Structure formats: structure tokens, C-alpha cells
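Only one structure is covered here, and it is reproduced in the block below.
The values are calculated or read from the model by the stated rules, or taken from the named source; none is laboratory data. These figures come from a predicted structure and were not determined experimentally. Positions of Cβ are generated from backbone atoms using ideal geometry, with glycine treated the same way; all protein chains shown enter the neighbour counts.
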Amino acid sequence: MVAGTVSAGASTPLPSPASPQQVAKLVAAASRIQNLPNDLLPALNEASADNVGTYFPVTQYGCLRTSSCVFGNVKAHSTIVLFGDSHAQMWLTALMPIAVKFKLKLLLLWRPSCPAASVTVWNATSKSPYTLCNSWRASLLVAVHRLNPVVVLLASRNTAMTGPSNGPISDATWQAGLQHSIALVKSASTKVDVVGDITPFSSILPSCLAAYKHHIQQCSSPDPNPNYSNHFAAEKAAAKAKGVPYINPHPWLCTTVCSPVIGKLLGYYNDNHVSATYAAFLSTVWLNALHSQLP
């Protein structure tokens, strides 16, 4: 049984995946694009809704239990787990075709603003330490270990994150927290990959593109963006220390510059999330990154 039908509420069909060579060529040329393409996919007025929750509504506000968001071949014995926050959720449309192709179960587990790294972060809504994130993460990582999946992908936002006192989190703390999470799920039969985070934009997307239709690089960002702290190096170091792969998405999106438009595709639906459309376009690139680990 294959699960994961796209919602009728998603008006723009997802594109076919490109080859790694096609993606590399488009990314290399993206920073030279000045005019918003007339055939932009998705259309600019649909851009803010081009997220995984629109295509798969069950995932919209979180996937908090191992039974909540199950896709691909739901009867399969082999499982891929995508775990983290909304920066894990945003890759679902890239991974869905892989799960279907290899007849795998794909389990998405994500909680808003709750990173995969075992660190305490600040909850901007409650204006207090996000202790519920800690307890959920600890419980679900144990549950994932018991499921004995073939691969666990740990993916989270790591830019502009603040700690329990709403102050900076050190690289050492982030690295140690991620290493702890890796150790909780890694086993002789379960591989773990750390999925690197993306660079956020300083401009408000997609409204910036509407304002600069003929000068869209006004909305671009250097990579990395100096306006935001990040834990890119800490996550690479954690992966290296635990002997697991680090999947770096930056070459799929940026050169020294991150353009919001890549080819005729809108790469992002807001200032810090890849669009569902562009994630689907990257499915073959993702397959290349994971191929040696799939059964």
C-alpha cells in the first residue's frame, strides 16, 4: 500500500525531479537572474502556500507520534525516518518519490521550533524554555530506535536559535546535543545522517520579489548570511565525531549567493524554508546523497 496522495488543495502540480547536473547548472546561473520569470513555478501569488502542509495537510502543524505521518509503502518492513522541526518537514516532497521507488515506509516526525539536537531552546510563544520540546524529543528518539529503521535523517533549523535564557547557544553545546541525539538512534542496523540547514534570507519572501520583479537579486542573500548566527560548523563536527554522513544542501541552493529564484522555480516559500516545489525538483539529488544507504 502506497500512501501520500497530494491534496486537492494544492493547485500547482509538483515538478519532475532534475538530474544533479541540471540542478548544478541552474544554481550556478541563479545569481545572474534579474527578472522574475513569467512562468515562475509556483506563481508568485501561490508562493506563500507552496509548503508541504498544503500538499499533505496531515503534516501541517506537526507530526508528533510515530503513527501520525506515514508515507510511501506503509506496509514495508524497511523504514526511513525524517526527524526534526519544520526544516525536516520541508524535505518531504523530495523524499516521497524515493520511498515509493524503493518500496520503503517514510515516517515524518516533527515538532514546530524543536530541533533534532538535544539542546534546550527558547519558546518565543510562551516566552520560556521549550521544555515540552525536550521531553517530546527524548521520547520520540527512543521510539525511533525501537522501530529499527534503515536510515534516520536528522534535520533542523540551526540559524538564529536561542537557548533557555533567550541568549545565544554555543557551537559546543549544539554539537554535543546533536551527538547525543545521533547516539540515541544509531545502531548496527540503523544509519543516521545529519542534514545540514539552509541559509535564511534577510528579506521577506515572497513580498520582496513582488516589489523587485525586475531586480530580484535585491532579495538574495550571501551564503552564509552574516545577519544570522548559525551552527553549520557544529553540525558538520557532530557528524564527523559520530562517524555519520553530513548532507550539505547548500550546493543545491546557493553559490556564494542564495538566489530566491533558481531557473524558473521559486526556491523558497518564505525567508527560511525551501518550497515544496523546489524540494520535489531535488528528489534525484537527494537520491544520490542517500543511495548507498538504501536497502
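Step by step: first the residues of segment 63-110, then only those that are touching a Phe, Trp or Tyr at 6+ places or on another chain (Cβ under 7 Å) and among the polar types (S, T, N, Q), then the one that is nearest to Thr159 (Cα to Cα). Which residue is that?
Ser86
Exactly one of (1) without any contact (Cβ under 8 Å) to a residue 12 or more places away in the chain; (2) among the charged types (D, E, K, R); (3) surrounded by 21 or more Cβ atoms within 10 Å (Cβ to Cβ) is unmet by Arg32. Its number?
Every condition holds for Arg32 apart from (3).
May I ask you to list the residues in segment 126-137 that are part of a loop (DSSP other than H, G, I, E, B) and either buried (at least 19 other Cβ atoms within 10 Å of the Cβ) or at pLDDT below 95 (or both)?
Residue satisfying the conditions is Tyr130 alone.
Output the number of residues of segment 180-202 satisfying the condition of being of a type in the set (Gly, Ala, Ser) and buried (at least 18 other Cβ atoms within 10 Å of the Cβ).
Of the residues in segment 180-202, 2 are of a type in the set (Gly, Ala, Ser) and buried (at least 18 other Cβ atoms within 10 Å of the Cβ).
Taking the options Lys264, Lys242, Lys213, name whichever one is of a type in the set (D, E, K, R) and farther than 29 Å from Ile98 by Cβ.
Within the list Lys264, Lys242, Lys213, the selection yields Lys213.
Name, by its number, the condition in (1) part of a helix (DSSP H, G or I); (2) under 23 Å from His273 (Cα atoms) that does not hold for Leu140.
(2)
Pull up segment 203-226, narrow it to residues that are in a loop (DSSP other than H, G, I, E, B) and more than 22 Å from the chain's Cα centre (by Cα), then point me to the one that is farthest from Asn272 (Cα to Cα).
Going through the qualifying residues, I end up with His214.
In segment 164-179, what residues are over 21 Å from Pro226 (Cβ atoms) and either under 21 Å from the mean Cα position of the chain (by Cα) or part of a helix (DSSP H, G or I) (or both)?
Ala172, Thr173, Gln175, Ala176, Gly177, Leu178, Gln179
Yes or no: segment 45-57 includes at least one residue that is in contact with a helix residue (DSSP H, G or I) (Cβ under 6 Å, 6 or more places away or on another chain), surrounded by 15 or more Cβ atoms within 10 Å (Cβ to Cβ) and of a type in the set (A, V, I, L, M, F, W, C).
Checking segment 45-57: at least one residue is in contact with a helix residue (DSSP H, G or I) (Cβ under 6 Å, 6 or more places away or on another chain), surrounded by 15 or more Cβ atoms within 10 Å (Cβ to Cβ) and of a type in the set (A, V, I, L, M, F, W, C).
Can we say Ala160 is within 20 Å of Gln89 (Cβ to Cβ) and assigned to a loop (DSSP other than H, G, I, E, B)?
Yes.
If I filter segment 99-120 for residues that are closer than 22 Å to Ser181 by Cα, in contact with a Cys (Cβ under 6 Å, 6 or more places away or on another chain), aromatic (Phe, Trp, Tyr) and crowded, with 18+ Cβ neighbours inside 10 Å, do I get at least one hit?
Checking segment 99-120: at least one residue is closer than 22 Å to Ser181 by Cα, in contact with a Cys (Cβ under 6 Å, 6 or more places away or on another chain), aromatic (Phe, Trp, Tyr) and crowded, with 18+ Cβ neighbours inside 10 Å.
Taking Asn166 as the residue in question, decide whether it is surrounded by fewer than 20 Cβ atoms within 10 Å (Cβ to Cβ) and either modelled with pLDDT under 95 or more than 26 Å from Ser292 (Cβ to Cβ) (or both).
Yes.
For segment 95-112, check the following and say yes or no: at least one residue is part of a helix (DSSP H, G or I) and touching a Pro at 6+ places or on another chain (Cβ under 7 Å).
Among the residues of segment 95-112, at least one is part of a helix (DSSP H, G or I) and touching a Pro at 6+ places or on another chain (Cβ under 7 Å), which makes the answer yes.
Go through segment 249-295 and report how many residues are touching a Lys or Arg at 6+ places or on another chain (Cβ under 8 Å) and either in a loop (DSSP other than H, G, I, E, B) or under 18 Å from Ala233 (Cα atoms) (or both).
Residues in segment 249-295 being touching a Lys or Arg at 6+ places or on another chain (Cβ under 8 Å) and either in a loop (DSSP other than H, G, I, E, B) or under 18 Å from Ala233 (Cα atoms) (or both): 1 in total.
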